[in-house]
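The values are calculated or read from the model by the stated rules, or taken from the named source; none is laboratory data. Because the structure is a prediction, the values reported are computed rather than measured. As a convention, Cβ positions derive from the backbone with ideal geometry for all residues, glycine included, and neighbour counts pool all protein chains shown. Keep in mind that these areas ignore ligands, DNA and RNA; they rest on the heavy atoms of the full protein, side chains included. Shrake-Rupley method; radii C 1.70, N 1.55, O 1.52, S 1.80 Å.
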Amino acid sequence: MSLADSIKASAAELGFDLCGISPVGEFRELEYFPQWIAEGRAGEMDYLAKRNDEGQLKRAALANVAPWAKSVIVCAINYNSAHPYSTEVPDPTRGWISRYAWTDSDYHDAVLRRLRELEARIVSQLTKADATKSDATKADVANAGSQHANVAAPRTWCYVDTGPLVERVYAQHSGIGWTGKNTCIINQQIGSWLFLGVILTSLELAPDLPAADRCGSCTACLDACPTNAFLAPYQLDATRCISYLTIEKRGSIPEELREGMGNHIFGCDICQDVCPWNRKAPVGNAPEFAPRTALQSPSLARLAEMSVEEFRETFRRSPVKRAKYSGVRRNVAIAMGNSGNLEFAIHLRKLAADDDPSVAQHAQWALQRLEEHRAEQEESAKA
């Protein structure tokens, strides 16, 4: 068994559904990144625009941050569940939390733990192999350079979303899946409900073939986006994306985008929910990603009345905490305003008097929306 095949076998044993190896190069897919940053498409996600000491965008090329890397090991875990998609749950009294955040485990931690174990196995395997080598071979390896005392150990870095690289580009070139028109990685057998993790390594491993694009003429994801976040196929304006607005955006959300947010409280799954490749997507079996019933379509009224202590307890192990107490309540106010449910007025009046100016501002907007809805109902009744 080759080292590349051994790595893939170990990845499967550790619970990864997919594993592939990408070469390192100046990929065509990364050429658009500097322009995307320059146009402000990353919004407030300043970490995407970080540069190295030479002033080069780190994520524009792996050579800008890890010139020693020769291969990228890409692993993926399926987090799909057997529960309805957001497009199948039209209850206006409930909010929507993105599918990946229904769990008691932060996927960063769960995926990184597996990556670390895989990394340790690679080093262990090479160390054992090195023990059988001749002194001459060891000297050759030592001359090649290594960050470890053991000459056979490779240099490695593990990342889950936090690394200075665009993971999906390497996922595509490792054969994990192609980049869909919604910019998500799509696997022909599993679909797009995938958590990605990468290991950069100084090992020169046999690469896999890139995944072929199978989106064809389909534009379901582009057509379904309620905030028109796609500039073109394969090009996302993050500043209009509901996931960005509900998670990353702080303070006031542009009024022209609020109606399109619908009942979304944290993240958005619409472009994946409508993707034909997800119609038969299998359910994942990683125990850490088993969904909590309480986080699926939670009651907007309950969220509006939730204290900061209740918020911390409910979401202490969930990615939802990333949006913070203020952000979630702001999003709840918008969802209530979009619901058309006049019974939410009592909750919104409380939020409109909140000490948090962002929450209060959006609650006032929501009350106005409900008043407009009431007026429309009365006008319709007269007709």
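Just how much of VAL74 is accessible, in Å², when a 1.4 Å probe is used and the result is rounded to the nearest 10?
Using a 1.4 Å probe on the heavy atoms, I get roughly 0 Å².
Determine one quarter of the surface area of the Cα convex hull of the range 147-297, which equals its mean projected area, and express it in nm² to one decimal. Please report the intermediate quantities before stating the final value.
Numbers: hull surface 49.0 nm².
Mean projected area for the range 147-297: 12.2 nm², to one decimal.
For the chain, which whole percent of the accessible surface, found with a 1.4 angstrom probe, sits on carbon and sulfur atoms? The partial results should precede the final answer.
On the way: 8910 of 17860 Å².
Here it works out to 50 percent.
Provide the descending list of Cα extents for the chain along its principal axes, expressed in whole angstroms.
Taking the Cα atoms of the chain, the three principal extents are 92, 41, 39 Å.
What percentages, rounded to whole numbers, describe P(r) for the range 286-369 computed over all alpha carbon pairs with 5 Å bin width beginning at zero?
In order of increasing distance, the bins hold 3, 15, 26, 23, 16, 10, 4, 2, 1 percent.
Would you calculate a helix-derived [θ] at 222 nm for the chain, using -39,500 (n - 2.57) for each DSSP H run of n ≥ 4 and dividing by the full residue count, to the nearest 500? Provide the component values of the computation, followed by the final result.
Details: 13 runs with 135 residues, N = 383.
Computed mean residue ellipticity for the chain: -10500 deg cm²/dmol.
Taking the Cα centre of each part, how many Å lie between the range 357-379 and the range 264-287?
31
Calculate the FRET efficiency for TRP68 and LEU209 from the Cβ-Cβ distance with a Förster distance of 25 Å, rounded to the nearest 0.05. Write out the running numbers ahead of the final one.
Values: r = 24 Å, r/R0 = 0.98.
Here the calculated transfer efficiency is 0.55.
Answer rounded, prolate or oblate for the range 1-85, using the Cα gyration tensor with square roots of eigenvalues a ≥ b ≥ c: rounded when a/c is under 1.5, else prolate when a/b is larger than b/c, else oblate. Mind dumping the intermediate values first?
Values: a/c = 2.93, a/b = 1.39, b/c = 2.10.
Oblate, since a/c reaches 1.5 and b/c is not below a/b.
So, by mean Cβ neighbours within 10 angstrom, what's the order for 344-355, 111-122, 39-50 with the highest one leading? Please report the intermediate quantities before stating the final value.
Values: 344-355: 16.4, 111-122: 19.2, 39-50: 14.6.
Final packing ranking: 111-122, 344-355, 39-50.
Per the Kirkwood definition applied to all pairs of different Cα atoms, how many angstroms is the hydrodynamic radius of the range 229-383? Spell out each step's value before the answer.
Values: mean 1/r = 0.0588 Å⁻¹.
Averaging 1/r across every pair of different Cα atoms and inverting gives 17.0 Å.
In a Gaussian network model over the chain where Cα atoms closer than 10 Å are linked, find which of PRO92, PRO291, PRO34 has the largest mean-square fluctuation.
Most flexible of the set in this elastic network: PRO34.
Taking the Cα centre of the chain as the origin, how large is its charge dipole in debye, to the nearest 20, when only Lys and Arg (+1) and Asp and Glu (-1) carry charge on their Cβ atoms? List each step's numbers first, then the result.
On the way: 42 positive and 48 negative charges, 119 e Å.
Charge dipole of the chain: 580 debye, to the nearest 20.
If each residue of separation counts as 0.36 nm, what is the full-extension length gain between ARG279 and GLU44 once their alpha-carbon separation is subtracted?
On the way: separation 235, 0.36 × 235 = 84.60 nm, distance 3.34 nm.
Contour length minus Cα-Cα distance gives 81.3 nm.
Which FRET efficiency value, to the nearest 0.05, is calculated for GLU309 and GLU259 with the Förster distance at 25 angstrom and r the Cβ-Cβ distance? Working shown, then result.
On the way: r = 32 Å, r/R0 = 1.28.
Step by step, r from the Cβ atoms, then E = 0.20.
Run the quick spin-label model on ASP91 and GLN125: label points 7 Å from Cα toward the beta carbon, then report their separation in nm to one decimal.
Inter-label distance under the simple model: 4.7 nm.
Run the count for the chain, please: Lys pairs, Cα-Cα under 15 angstrom, 8 or more apart or on different chains.
4
For the chain, what is the accessible area per residue in Å² when the probe is 1.4 Å?
Values: 17860 Å² over 383 residues.
Heavy-atom accessible area per residue stands at 47 Å².
With unit charges on the beta carbons (Lys and Arg positive, Asp and Glu negative) and the dipole taken about the Cα centre of the chain, which residue among LEU236, PHE266, PRO287 sits farthest to the positive side?
Checking the options against the dipole of the chain, the answer is PRO287.
So if each residue of separation counts as 0.36 nm, and I subtract the Cα-Cα distance between ARG317 and MET1, what length gain in nm does that give? Intermediate results must be reported in sequence, preceding the final value.
Working: separation 316, 0.36 × 316 = 113.76 nm, distance 3.95 nm.
Length difference between fully extended and current span is 109.8 nm.
Can you give me the long-range amide H partners of LEU236? Hydrogens built in the peptide plane at 1.01 Å from N, cutoff under 5 Å, separation of 5 or more residues or another chain.
Close amide H contacts, sequence-distant or interchain: LEU231.
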